[in-house]
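What follows is a short report on a single structure.
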Amino acid sequence: TFIADVKTLTNKPIKYVVDTHYHYDHAFGNQVFGPDVTIIGHDTTRRRLNGPGSLKERTYLTNGTGAIATRFTMLKRQISEATDAQQRAILERQLAIHQQYADEQAKIRPTPPNATLSRDMTLVRGTREIQIRFFGRAHTDGDIVVFLPKERMVATGDMITSALSYTGDAFVEEWPATLEGVLSLDFDTVLPGHGSVFKGKDHIRNLQAYWRDFYQQATSLRKQGVSPEEAAKRIDLTKHAGAIPAAKTPGVDVRGVDRIYDLAANPNAPVR
Ligand SMILES: [Zn+2]
């Protein structure tokens, strides 16, 4: 589907793919491009996708396969309870889409990047300069951005999204500093990892404040001996809701708190 979508934009062949990070919803389709396509990613993205290990981690199990299993159960129950024929037809269609997605998931073969970088890489193709930059760890340990200086545009992956990114294998403490690196680029337009394209730098500054606050609250609760489950309920980031609507209810994802606790105990803690 992705390849078909690209064909609606250009008749040129796909020769390069950039994995902004290793997560399943960004990089688990690498195998469809074939061996002649250059797949660019950070060294750590290659390491994480080299072998089937990432299929057994919490990130994939609780968002990928696990999430779809939960949705299957929910949809089947809703279909059995539906009294309205039209409503049932809508639900059955959703179930079919989920089935299709599950079938595709079964075909996943984690395929690592075949060209890696640890810091920066620049491609000059025709009149276009394409900078691939690593500013540090944030949403994962391999977040890279694609910056087009002439077009004044940056594609960021999930270190920047319209809403709030998954934190289960993040480096929340380092996230604001990494965003500072992105802010040093000269751009007008941001293509985030999820959500709508946006203009300017304000949203990124708001995210910096949010992640700083998240980290400080989690760390302070940890020092008080509060469990991750309890801390996840108590952390209150609703003061950021004006700028980031996804923050409007108190409490955060316990997987992010687990991660902060894990890293506080061991800076090299593996992802769960
Ligand atoms: Zn991600």
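The values are calculated or read from the model by the stated rules, or taken from the named source; none is laboratory data. Here the structure is a predicted model, which is why all the values come from computation and not from measurement. For neighbour counting, all protein chains shown are included, and Cβ atoms are generated from backbone atoms with ideal geometry for every residue, glycine included. When the accessible area is computed, the model is the full protein with side chains, heavy atoms only, and any ligands, DNA or RNA have been set aside. Shrake-Rupley method; radii C 1.70, N 1.55, O 1.52, S 1.80 Å.
Observations
- Between Arg128 and Lys248, the contour length at 0.36 nm per residue exceeds the Cα-Cα span by 39.1 nm.
- Between the amide H of Leu191 and those of Val154, Ala155, Thr156, distances stay under 5 Å, these residues lying 5 or more places away or on another chain, with hydrogens modeled in the peptide plane.
- Here the Karplus curve 6.51 cos²θ - 1.76 cosθ + 1.60, taken at θ = phi - 60°, turns the phi angles of the range 95-109 into couplings of 4, 4, 5, 5, 4, 4, 5, 5, 4, 5, 4, 5, 8, 5, 10 Hz, with x standing for Gly and Pro.
- Shown here for the range 230-268: trypsin sites (Lys or Arg not before Pro) in loop regions (DSSP other than H, G, I, E, B) with at most 11 other Cβ atoms within 10 Å, namely Lys248.
- For the chain, with all protein chains in place and a probe radius of 1.4 Å, 53% of the accessible heavy-atom surface sits on carbon or sulfur.
- Estimated FRET transfer efficiency (Leu263, Asp25; beta-carbon r; R0 22 Å; 0.05): 0.40
- The range 119-265, accessible area per residue, ligands and nucleic acids excluded (1.4 Å, Å²): 45 Å²
- Amide H partners (placed H, <5 Å) of Val17, local residues excluded: Thr38, Ile39, Ile40
- Sequence of Met121, Met159, Met153 when ordered by accessible area, the most exposed leading, probe 1.4 angstrom: Met153, Met121, Met159
- Hz values of 3J(HN,Hα) by residue in the range 180-188 - Karplus curve (6.51, -1.76, 1.60), Gly and Pro given as x: 4, x, 4, 4, 6, 6, 9, 9, 10
- Computed FRET value (nearest 0.05) for Asp188 with Asn50, which takes r as the C-beta separation and R₀ as 30 Å: 0.25
- Shown in residue order for the range 128-140 are the 3J(HN,Hα) couplings computed by the Karplus curve 6.51 cos²θ - 1.76 cosθ + 1.60 at θ = phi - 60°: 9, 9, 10, 9, 10, 10, 10, 10, x, 7, 7, 5, 9 Hz (x for Gly and Pro).
- Inter-label distance, Leu61 to Asp36: 4.0 nm, where each label sits 7 Å from its Cα along the C-beta direction.
- Spin-label model, Lys223 to Thr238: label points 7 Å out along the Cα-to-beta-carbon direction sit 2.5 nm apart.
- Rg over Rh for the range 119-265 works out to 1.02, both radii taken from alpha-carbon positions and Rh defined as the Kirkwood radius.
- Summed over the residues of the range 1-95 and divided among them, the accessible surface reaches 61 Å² per residue at a probe radius of 1.4 Å.
- Fraction of alpha-carbon pairs over 27 Å apart in the chain - percent: 46 percent
- Helix content alone sets the calculated 222 nm mean residue ellipticity of the chain: runs of n ≥ 4 DSSP H residues at -39500 (n - 2.57) each, divided across all residues, give -12000 deg cm²/dmol.
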